[in-house]
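Data first, discussion second: the structure below is written as structure tokens.
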Amino acid sequence: MDLHVAAFYIAFATFSVSAIDQATVDYMATYMEVSYEVLDNLRDELRTFEAQITLTNRGSSIIKGDPWIIYFCHIRMIEPEHLPDPKGIIRDDVKITHIQGCMFTLEPTNSFKTIIPGGSKKIRFLGENWIVSKTDIMPNWYITSQHLHPRTIMNTAGESLSFAGDFDEVKKWKRYYFQDGKYKVHDLYDPYTTRYRFVLNNIKDHGKSPGHVVPTPLEIHIIDKQKILLNTRDWVVIYPERLSNEGLYLIDKLNILRSITQPLHRYIKLAIEEVRVKVNGSEKIIPEGYSLEIDPEAEFIKILGVDAAGVFYGIQTLFALIDEEGNVPKANISDAPRYPYRGMELDVARNFFEQKTIFKLLDLMAMYKLNKFHFHLTDDEGWRIEIQGLQELTEIGGQRCHDPSEERCIMSQLGSGPTIVGSGSGYYSKKQYQEILRYANQRHIEVIPEIDMPGHGHAVIKAMEARSKKMMNNQFLLIDHNDTSKYKSIQMYTDNAINPCISSSYAFIRKVIESLVTYHKDVMPLKIYHFGGDEVASGAWENSTACEDLMKNKWQIIEKKILKEYFVHQISNITFNYNLDLAAWEDGVMESGSKPFKREALQNKNVYAYAWDNIWEWGQSNRAYKLANAGYKVVMSQATHLYFDHPYEPDPEERGYYWAPRFTDTRKTFGFMPENLYNNADVARSGQPLTEEQVCGKDAKNCVKLEKPENIVGIQGHLWSETVRKPEQLDFMLFPRLLALAERAWHHASWEDIQENSIRKKRLNEDWELFANTIGYKELKRLDSFEVDYRVPPPGGMIKNGRLVTNTAFPGLVVQYSRNGGKSWHDVDDKAIIEGGEKLQLRTNFQTLSKTSSGSKLRNSSLSLSLSLSLSLSRY
């Protein structure tokens, strides 16, 4: 731009005074381009990173220092030495202020310099810890001014995250380099190269699926040469009335009829009998056990179950044996689950998923014999279930939009934007929730609702505050207005702790529990109430007048740490009166020093503890066994192996948070050993290999032994939804990892009990090879029939003697290459002769004919990931 013109714009901005109007806000949303770039994660060891926001004027009018405000989600605290502080902090000529949670504002100061057309403004700042993933950067930034409509800044809208800069330097994709004297901590993770993937994927390709059923049955005898066609429609189903649910399910799936009498052939018989299975050399009757007999010669199929659930799982195994032509092989299978609790948790509070998405997940859980659906219904960012009589919970707590007062909705979080349209808003009505219960019950899946408290309560606190003002009473108020405590939660909330010292908190809890019991009663009686209990911020309630009064009058103590235990006791008393078992995350039933609360002090028959916090080098991995030994029923939920919100690879382009391990792939989940816990420890968060002493400490004091293995009742996978806003993203994060979860929950592998590391790893690798081939050649096709948007793994590749050789994590997938930047693709075969220095791109391709779609469905890794898999680049 001409300097004279630029000077005019600056002068105009200096001397012109005009109020901002809606047209100006609309202009800025359209033409002010935002870019976000991480500059340096390695600047000061582990404390802060440097980042930059750039505002560029792509329009033809100037952008002045009017009273506009940009709202955006930043998952790390900005300028942690100064914020949170209601006064904000000035960087360059803009002010940055923390609101709540991840929400910040950026607004011009009086010294703001005009941005001329084509001009830019760069704002550098420090953030807490680090950012090494593109999905850490949330979309849908928006701009507004007082009394004007907010508008999403156009180039930040949607899921592309194109406004986020590339992580193309070591200091951007690594998290830290720390040195204190002789002690060094390096982040050893780099994005995988194609050559590294080639080595990592180095398993034998069997050319077909070596496994018949996932998860693996206890005893299975298959004769593939003897088969019978099942889709001829002249088959019938025979079942007693007590198995009507299972019989009708089978009829619906196979499109066949019921018969009251048994014909001579072509029938499937369902019955309940005392099916015995061999476990550790002895025969046992195990709940949910079944036997399946397929006789092609006599043309019958018999599914016998210990109970109705066992029959249902026998049906699932039958479905797993049906090939693409509709044939099933001769088979004799005796089977029973390893654990009674085989769970999957889904967070619908951070981002909401509609009922149809829940139905689909329940179908897939049933297919792989998972039987517990942990429904995380509430959190700081949303309340997702209707409680009749407390409409504010869903009208306010169930909606996110631009409302700084949070009297109409919860303030936008996690990139949900300024309006209620999108994944930030939504809830399940009583009718919808009961339909989910009914759907799950038909598939023998128990729904365990979680109402997270006393921490993670921002949404419900705001909803009940609004109700209190409207109704002019404090019947269900959840805070002490005289509480001046200062605290900040892990997710950067300073107002999310429900007060345990006021009676109205418990009146609210009773109302919610009573409602849930009623909702469940005629559909699926509520057995377990999960109250969360995790991550209560240090400092909460320290200056609460109500808590001071409680301690003086009832407890005769001045120990603040006892307040959480007091809260748990009250929840226990309430749920006991409804004959409910109680459940919590591990820290919900433990003192801060990892000492479990006395189990006998809680009245419930069973108290379930979900053990999740096992960062190996932090020394807390023993909590699972401590809790089991103390009498709690433990659900193994270890974040290092079972948190599916983590990336599949240590690459900035992979979706997910990475606070526990840097990544968790399907192979890692497959290798989890719930009853050999400390042998799961492989590397620290940095990628540094761990020694036994680092994990267990001197004299192995940190490696508490499991004395009551009967209290390990199962394992559970988890999908927290901070970075998951769409159903296809949910599919991507869950599958195929959920299959490995199901395998470990149902099947106890022989290698899990081997103590010698080298022998165990050899046997594990052999088992993984079979499982990986089964996924690639069989299970992905089954997932495709459900239209699951699973993750297709990027390929490995290298040049050998002038030829391109490739492989994938799951044999059976086709690898393709492009010589022209992705304009055309060719399958890799023996004809792929490569000239020296030639640049190639690779992708994994998977194509099947889906029975539920109109034609061929193409899936490939270049669509699933926005990676450039160029062999000419060291990164890829």
Can you list the helices (runs of 4 or more DSSP H) found entirely within the range 571-680 that contain at least 2 residues being over 16 Å from ILE712 (Cα atoms) and not aromatic (Phe, Trp, Tyr)? 639-642, 666-670
Is there a residue in the range 274-288 that is in contact with a Leu (Cβ under 7 Å, 6 or more places away or on another chain) and over 24 Å from ARG338 (Cα atoms)? no
Close pairs (7 angstrom Cβ cut-off, 6 or more residues apart or separate chains): outside any loop (DSSP other than H, G, I, E, B) in the range 223-250, surrounded by 13 or more Cβ atoms within 10 Å (Cβ to Cβ) and aromatic (Phe, Trp, Tyr) anywhere: VAL236/TYR267; ILE238/TYR267; GLU246/TYR239; GLU246/PHE312; GLY247/TYR239
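If the requirement is being within 30 Å of ALA463 (Cα to Cα), among the basic types (Lys, Arg) and touching a strand residue (DSSP E or B) at 6+ places or on another chain (Cβ under 7 Å), which of these qualifies: ARG384, ARG342?
Numbers: ARG342 fails: within 30 Å of ALA463 (Cα to Cα).
Being within 30 Å of ALA463 (Cα to Cα), among the basic types (Lys, Arg) and touching a strand residue (DSSP E or B) at 6+ places or on another chain (Cβ under 7 Å) holds for just one of ARG384, ARG342, which is ARG384.
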Could you figure out which of (1) in contact (Cβ under 8 Å) with a residue 40 or more places away in the chain; (2) buried (at least 24 other Cβ atoms within 10 Å of the Cβ); (3) under 30 Å from GLU728 (Cα atoms) isn't true of ALA624? (3)
Restricting the first residue to the range 356-372 and requiring it to be under 14 Å from GLY343 (Cα atoms), which pairs with a second residue that is surrounded by 17 or more Cβ atoms within 10 Å (Cβ to Cβ) and among the polar types (S, T, N, Q) meet a Cβ separation below 8 Å and a spacing of at least six or different chains? MET365/ASN371; ALA366/GLN316; MET367/GLN316; TYR368/GLN316; LYS369/GLN316; LYS372/GLN716
Matching residues, the range 385-429, being among the charged types (D, E, K, R) and farther than 21 Å from MET492 by Cα: GLU386, GLU392, GLU395, ARG408
With respect to LEU550, is the statement that it is of a type in the set (A, V, I, L, M), part of a loop (DSSP other than H, G, I, E, B) and out of contact with any Pro (no Cβ under 7 Å at 6 or more places or on another chain) true? no
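Residue by residue, here is whether (1) closer than 30 Å to THR216 by Cβ; (2) assigned to a helix (DSSP H, G or I); (3) among the aliphatic types (A, V, I, L, M) holds:
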| site | (1), (2), (3) |
| --- | --- |
| LYS360 | yes, yes, no |
| ASP363 | yes, yes, no |
| ALA366 | yes, yes, yes |
| LYS369 | yes, no, no |
| PHE375 | yes, no, no |
| GLY389 | no, no, no |
| LEU393 | no, yes, yes |
| GLY398 | no, no, no |
Might you let me know whether the range 450-461 holds any residue that is in the same structural domain as LEU526 (by TED's automatic domain parsing), assigned to a strand (DSSP E or B) and over 18 Å from ILE410 (Cα atoms)? yes
Close pairs (6 angstrom Cβ cut-off, 6 or more residues apart or separate chains): closer than 22 Å to PRO596 by Cα and in contact (Cβ under 8 Å) with a residue 24 or more places away in the chain in the range 533-553, hydrophobic (A, V, I, L, M, F, W, C) and outside any loop (DSSP other than H, G, I, E, B) anywhere: GLY533/ALA584; GLY533/TRP585; ASP534/TRP585; TRP541/CYS547; TRP541/LEU563
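Of the residues that sit in the range 17-35 and are part of a helix (DSSP H, G or I) and of a type in the set (A, V, I, L, M, F, W, C), which one is surrounded by the most Cβ atoms within 10 Å (Cβ to Cβ)?
We begin by selecting, within the range 17-35, every residue part of a helix (DSSP H, G or I); these are 22-31.
From what's left, of a type in the set (A, V, I, L, M, F, W, C): 23, 25, 28-29.
On the way: ALA23: 10, VAL25: 21, MET28: 26, ALA29: 24.
Checked the range 17-35; the qualifying residue surrounded by the most Cβ atoms within 10 Å (Cβ to Cβ) is MET28.
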Which residue, of LYS204, LYS225, is in the same structural domain as TYR313 (by TED's automatic domain parsing) and surrounded by fewer than 16 Cβ atoms within 10 Å (Cβ to Cβ)? LYS225
Report, ordered by the first and then the second residue, all pairs with beta carbons closer than 9 Å, sequence separation of six or more or different chains, a first member in the range 693-704 that is acidic (Asp, Glu), and a second member that is surrounded by 11 or more Cβ atoms within 10 Å (Cβ to Cβ). GLU693/ALA700
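Only one residue in GLU297, GLU288, GLU274 is buried (at least 16 other Cβ atoms within 10 Å of the Cβ), touching a residue at least 24 places away in the same chain (Cβ under 8 Å), among the acidic types (Asp, Glu) and not in a strand (DSSP E or B). Which one? Step through it out loud before you land on a result.
Working: GLU297 fails: buried (at least 16 other Cβ atoms within 10 Å of the Cβ); GLU274 fails: buried (at least 16 other Cβ atoms within 10 Å of the Cβ).
It is GLU288.
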Sole exception among (1) touching a Gly at 6+ places or on another chain (Cβ under 9 Å); (2) over 28 Å from PRO647 (Cα atoms); (3) surrounded by fewer than 19 Cβ atoms within 10 Å (Cβ to Cβ) for LEU148, by number: (1)
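Quick one: is GLY424 assigned to a loop (DSSP other than H, G, I, E, B) and crowded, with 24+ Cβ neighbours inside 10 Å? Can you show your working first?
Values: assigned to a loop (DSSP other than H, G, I, E, B): yes; crowded, with 24+ Cβ neighbours inside 10 Å: yes.
Criteria met by GLY424.
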Restricting the first residue to the range 144-162 and requiring it to be under 19 Å from THR54 (Cβ atoms), which pairs with a second residue that is aromatic (Phe, Trp, Tyr) and assigned to a loop (DSSP other than H, G, I, E, B) meet a Cβ separation below 7 Å and a spacing of at least six or different chains? ILE153/TRP141; ASN155/PHE163; THR156/TRP141; THR156/PHE163
Failed item, numbered, when GLU450 is tested on (1) farther than 15 Å from VAL512 by Cα; (2) under 23 Å from the mean Cα position of the chain (by Cα): (1)
When LYS521 is evaluated against the numbered criteria (1) surrounded by 21 or more Cβ atoms within 10 Å (Cβ to Cβ); (2) out of contact with any helix residue (DSSP H, G or I) (no Cβ under 8 Å at 6 or more places or on another chain), which criterion, by number, is the only one it fails? (1)
Per the list (1) under 18 Å from ILE153 (Cα atoms); (2) of a type outside the set (Asp, Glu); (3) in a strand (DSSP E or B), residue check on VAL38 breaks on (1)
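Pick out the one residue from ALA507, ALA497 that is among the small types (Gly, Ala, Ser), on the phi < 0 side of the Ramachandran plot and surrounded by fewer than 22 Cβ atoms within 10 Å (Cβ to Cβ).
Numbers: ALA497 fails: surrounded by fewer than 22 Cβ atoms within 10 Å (Cβ to Cβ).
When all the criteria are applied, what remains is ALA507.
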Within the range 413-421, is even one residue crowded, with 24+ Cβ neighbours inside 10 Å, of a type in the set (A, V, I, L, M, F, W, C) and over 26 Å from ASP363 (Cβ atoms)? yes
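Suppose the filter is part of a helix (DSSP H, G or I) and either under 22 Å from LYS633 (Cβ atoms) or among the β-branched types (Val, Ile, Thr) (or both); does ALA740 pass it?
Working: part of a helix (DSSP H, G or I): yes; either under 22 Å from LYS633 (Cβ atoms) or among the β-branched types (Val, Ile, Thr) (or both): no.
Considered against the rule, which asks whether it is part of a helix (DSSP H, G or I) and either under 22 Å from LYS633 (Cβ atoms) or among the β-branched types (Val, Ile, Thr) (or both), ALA740 comes out as no.
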For residues in the range 41-71 being acidic (Asp, Glu) and assigned to a loop (DSSP other than H, G, I, E, B), which is surrounded by the fewest Cβ atoms within 10 Å (Cβ to Cβ)? GLU45
Kindly indicate whether SER538 is among the hydroxyl-bearing types (Ser, Thr, Tyr) and in a loop (DSSP other than H, G, I, E, B). yes
Contact list, first residue from the range 562-574 and under 10 Å from PRO454 (Cβ atoms), second anywhere and in a helix (DSSP H, G or I), beta-carbon distance below 7 Å, six or more apart or interchain, is LEU563/CYS547; VAL568/GLY588; VAL568/VAL589; ILE571/ILE509
Candidate set from the range 792-830 (those that are under 20 Å from ASP205 (Cβ atoms) and basic (Lys, Arg)); member that is surrounded by the most Cβ atoms within 10 Å (Cβ to Cβ): ARG803
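The values are calculated or read from the model by the stated rules, or taken from the named source; none is laboratory data. Keep in mind it's a predicted model, so treat the numbers as computed, not measured. Note: ideal-geometry Cβ built from the backbone for every residue, glycine included; neighbour counts use all protein chains shown.
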